[in-house]
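Data block below; observations after.
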Amino acid sequence: MGIKVLIVDDSATARAVLTDILSKDPDISSVETAVDAYVARDKILKFKPDVICLDVEMPRMDGITFLKKLMQYMPTPVVMVSSLTQKGARTTLDALEAGAIDFVAKPHSNIYDGSNEIRVELLAKVKAAARAKVQLTHVDITKIQPLTYHGALSETTQKIVAIGASTGGTEALKDVLVQLPRNSPGIIIVQHMPANFTGQFAERLNSLCAVEVKEARNGDTIGIGQVLLAPGDMHMVLRRSGHRYYVQLGSGEKVSGHRPSVDVLFNSVAKSAGSNAVGVILTGMGSDGAKGMLNMHNVGARTIGQDEKSCVVYGMPRVAYELGGVDIQTSLQNIPKKILELIGEEERA
């Protein structure tokens, strides 16, 4: 049986373009539309969609308010339809925090301007959302007491943690990072996001965590308690000069379908850090990072994969596990503790 999709958007153009893309795919059995949240409420009761494509800015009730109500009364996988602006980034991050599975760029009349990329992205994310788990609960950051790391600082400077994530990763990363102490080893992250989103995402994480989180710039050194997030649309690789780790950024071709790519990051970590690294692969559709994690594993790095039960989409971690690149498969909640155990001694403060 095919996927049923409800499009909620006040723009007639957006509804038409989304309907055209979705209705032509054989895996999607039917598409309905609604001009606002109130019409959508009635459509949901009758149509019972598998996935909802939801606009952010709508009259009468905005998308975030509607999303929160939806998750409270009728949890359904939601893909947000967002403009790629700073305001859109902030609102979309709010939506992901409220339970949305993923987001796509707001379509427009010239969506087919010689590229099939947006069509492919929309279809992939809607199909992934249809199989995804709606996460209704996350770590309550107001009650989190960060773990404590007792490793020697001289040892910590030789260690590096590399994390890759995609669908569901924004909340998963937050759940991991808020548990890590200020003196954690340096951390480098690839999260699949557009360019206008990663800066806002890094700022949000930084406001919540004991570690310092920032969007990476070319040449940035990675020190104790520092977290560097790859900028959207830029590959990030790890380099080493003596005892100093730093990152290089580049545009390059997409790898494993992505830029930034987790595979690119993990392969560079295998080369530059070897057995001094810990690799972590979190929730996400596809296979980006799986081969890179196997490479890390093969050079002596320790590797962790998020387990199926706690993943929004058990794609990337599953492929990495099946390839033999994952040493430890565990729940999202347990990953911070495992990271510190693999780096050195840890315990609750």
statement: The answer for the longest stretch of the chain without any exposed GluC sites (Glu not before Pro) (DSSP loop, at most 12 further Cβ atoms within 10 Å) is 1-252
- request: Calculate one ³J(HN,Hα) per residue across segment 309-316 by plugging θ = phi - 60° into the Karplus curve 6.51 cos²θ - 1.76 cosθ + 1.60, and present them in order as whole Hz with x for glycine and proline.
  value: 4, 9, 7, 5, 10, 8, x, 4
task: Name the residues whose placed amide hydrogens come within less than 5 Å of the amide hydrogen of VAL278, ignoring near sequence neighbours (fewer than 5 apart) on the same chain.
output: ILE160, VAL161, ALA162
query: Taking amide hydrogens as modeled 1.01 Å from N in the peptide plane, which residues meet the under 5 Å criterion relative to ILE7, leaving out close sequence neighbours?
result: GLU32, THR33, ALA34, CYS53
- line: Within the under-14-Å Cβ sphere about ARG41, not counting ARG41, Lys/Arg +1 and Asp/Glu -1 give a net charge of +3
- request: Per DSSP H run of n ≥ 4, the term is -39500 (n - 2.57); total these for the chain, divide by its residue number, and report the mean residue ellipticity at 222 nm rounded to 500 deg cm²/dmol.
  value: -11000 deg cm²/dmol
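Do the alpha carbons of any pairs in LYS271/LYS291; LYS43/LYS68; LYS48/LYS133; LYS4/LYS106; LYS69/LYS214 sit beyond 24 Å of each other, and which pairs? Spell out each step's value before the answer.
Working: LYS271/LYS291 14 Å; LYS43/LYS68 17 Å; LYS48/LYS133 16 Å; LYS4/LYS106 20 Å; LYS69/LYS214 32 Å.
Exceeds cut-off: LYS69/LYS214.
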task: Order the peptides 191-199, 258-266, 290-298, 329-337 from the highest to the lowest mean number of other Cβ atoms within 10 Å of their residues.
output: 258-266, 290-298, 191-199, 329-337
Per-residue ³J(HN,Hα) for segment 8-21, Karplus 6.51 cos²θ - 1.76 cosθ + 1.60, θ = phi - 60°, Hz, x for Gly and Pro: 10, 7, 7, 8, 5, 5, 4, 4, 5, 5, 4, 4, 4, 5
task: For the chain, find the longest principal axis of its Cα atoms and tell me its angle to the long axis of helix 117-131, 0 to 90°, nearest 10.
output: 90 degrees
query: What shape does segment 206-272 take by its C-alpha gyration tensor, where a ≥ b ≥ c are the square roots of the eigenvalues and a/c under 1.5 counts as rounded, a/b above b/c as prolate, and the rest as oblate?
result: oblate
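Here, each number is a calculation from the coordinates, and none is a lab measurement. All figures in this text were calculated on a predicted structure; none of them were measured in a lab. Counting neighbours? That spans all protein chains shown, and the Cβs are built from the backbone with ideal geometry, glycine included.
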